[in-house]
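Note sheet for the following structure.
Any read-out appearing in this document is the output of simple, stated calculations on the displayed coordinates, not a laboratory observation. This is a predicted model, so every value here is computed, not measured. Cβ placement follows ideal geometry from the backbone for every residue including glycine, while neighbour counts extend to all protein chains displayed.
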Amino acid sequence: MKAMESKVMRAMRLANTSTGKPQFTEAEVPQPKPGSGEVLVRVHAAGVTASEVIWQPTTNTKDGGPRSNAILAHEFSGTIAATASDVRDFRTGQEIYGMNDWYAEGALAEYCVTQPASIALCGGFAFTGRLQQLNSFINFFFQGRKIVVGGPCFRLSFHFASKFQ
């Protein structure tokens, strides 16, 4: 029996630098798989705040250990690419927006994983779980360039990420 191959995706990682200046680098990383109670999201747009590069979850793991080369952006919109077998409220192909765990790898990548309680369907206001609202404008900072994206379900090929589309 052939071993199951892991899929690879492109992502932007926050590089560890000796200068202290945040620097993003493109990397090929394993595509995440949804675990129990999770969905896999094909990312269309993502938001990063300028201060995210210094947040505790960016530089530390949940248990307090050091974290390096984090994939940022925990606010996103996209399409559900897969669901765990125990997820009932969402299905493949639905357009969503939401957030994921700040200690998880973020959405500055082709795919990210999140829990159903942290996402909502586009085009509707029936929010699930603890997600009450997502700002209608997402600010994205990338090496000094700021792109403002209007609307939580707006599709955008970012200048640097056009290869992802």
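Worth pointing out:
- Some residue of region 90-99 being under 17 Å from the mean Cα position of the chain (by Cα) and within 17 Å of Arg10 (Cα to Cα): no
- Residue-level check: of (1) of a type outside the set (Asp, Glu); (2) under 16 Å from Arg42 (Cα atoms); (3) without any contact (Cβ under 8 Å) to a residue 24 or more places away in the chain; (4) out of contact with any Leu (no Cβ under 7 Å at 6 or more places or on another chain), Ser118 misses just (4).
- Of all residues making up region 59-84, the number that are crowded, with 19+ Cβ neighbours inside 10 Å and either closer than 16 Å to Ala11 by Cα or in contact with a Cys (Cβ under 8 Å, 6 or more places away or on another chain) (or both): 9
- If the condition is being outside any strand (DSSP E or B) and in contact with a Ser or Thr (Cβ under 7 Å, 6 or more places away or on another chain), then region 95-121 contributes Asn100, Tyr103, Pro116, Ala117.
- Ala45 surrounded by fewer than 16 Cβ atoms within 10 Å (Cβ to Cβ), among the hydrophobic types (A, V, I, L, M, F, W, C) and assigned to a strand (DSSP E or B): no
- Residues that are over 27 Å from Asp63 (Cα atoms) and of a type in the set (D, E, K, R), drawn from region 88-119: Arg88, Asp89, Arg91, Glu95
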